[in-house]
Amino acid sequence: DFLSLSSTASTIVQMKLLPYGDSSLICVIKSVKAEAEDSRMAFYNMSWERMDDEGLFQEPEIKDFFISQESAHEYMDKCDMYLVSLKLGAADNCLVAEYTMPYYMSEEDSAIVKPLLRRLKYIWISGSFRPE
């Protein structure tokens, strides 16, 4: 029910079959790696028709990745791009999101921001990814 394919040195496609009502759906994540990795997610029904993702996954905001609201407020100005890596669980129905903009920042800014960030984990429950 899981596939991870590196089509080039900088591109990864992950697919996961997830239970959805009386059937299943296919979650597809396409990631591109440069200085920082960035991912896009799409959902398809079993006929490979694109589904509306409303209600299936609420994409986090940059501030959600900060350990505290105080650090988010203080350092958000350094985070001027939304670059997020999404990874599906091979053995479970989990999703991990990581804000990757610090890999694109100067070393000085990255050293300040990285320790203030956390990965977000989601679990597929009753037809949607929900925060753990």
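Miscellaneous remarks
- Out of ASP52, ASP38, one residue alone is closer than 26 Å to GLN14 by Cα and free of Cβ contacts under 8 Å to residues at least 12 places away in the same chain. It is ASP52.
- All of ALA36, ALA42 fail the test of being touching a Pro at 6+ places or on another chain (Cβ under 8 Å), open to solvent by less than 60 Å² (accessible area, probe 1.4 Å) and over 13 Å from ALA97 (Cβ atoms), apart from ALA36.
- The range 92-132, residues that are out of contact with any Phe, Trp or Tyr (no Cβ under 8 Å at 6 or more places or on another chain) and small (Gly, Ala, Ser): SER106, ALA111, SER126
- Residue-level analysis places GLU49 outside the set of residues that are charged (D, E, K, R) and either touching a Ser or Thr at 6+ places or on another chain (Cβ under 7 Å) or open to solvent by less than 10 Å² (accessible area, probe 1.4 Å) (or both).
- Taken together, SER23, SER71, SER7 contain a single residue that is more than 19 Å from PRO131 (Cα to Cα) and free of Cβ contacts under 8 Å to residues at least 12 places away in the same chain, which is SER7.
- Inside the range 74-105, residues that are farther than 28 Å from VAL13 by Cα and free of Cβ contacts under 8 Å to residues at least 40 places away in the same chain make up a count of 4.
- The set of residues in the range 7-33 being open to solvent by 70 Å² or more (accessible area, probe 1.4 Å), within 24 Å of MET101 (Cα to Cα) and at pLDDT 95 or above consists of LYS30, VAL32.
- Scanning the range 52-81 for residues that are loosely packed, with under 15 Cβ neighbours inside 10 Å and among the small types (Gly, Ala, Ser) yields GLY55, SER68.
- All positions within the range 91-124 that are hydrophobic (A, V, I, L, M, F, W, C), open to solvent by 40 Å² or more (accessible area, probe 1.4 Å) and part of a strand (DSSP E or B): VAL96, ILE123
The values are calculated or read from the model by the stated rules, or taken from the named source; none is laboratory data. These numbers come from a predicted model, not from an experiment. Every residue, glycine as well, gets a Cβ built from its backbone with ideal geometry; the counts of neighbours run over all protein chains shown. Ligands, DNA and RNA are stripped out before the accessible areas are found, and what is left, the full protein with its side chains, is counted by its heavy atoms. Shrake-Rupley method; radii C 1.70, N 1.55, O 1.52, S 1.80 Å.
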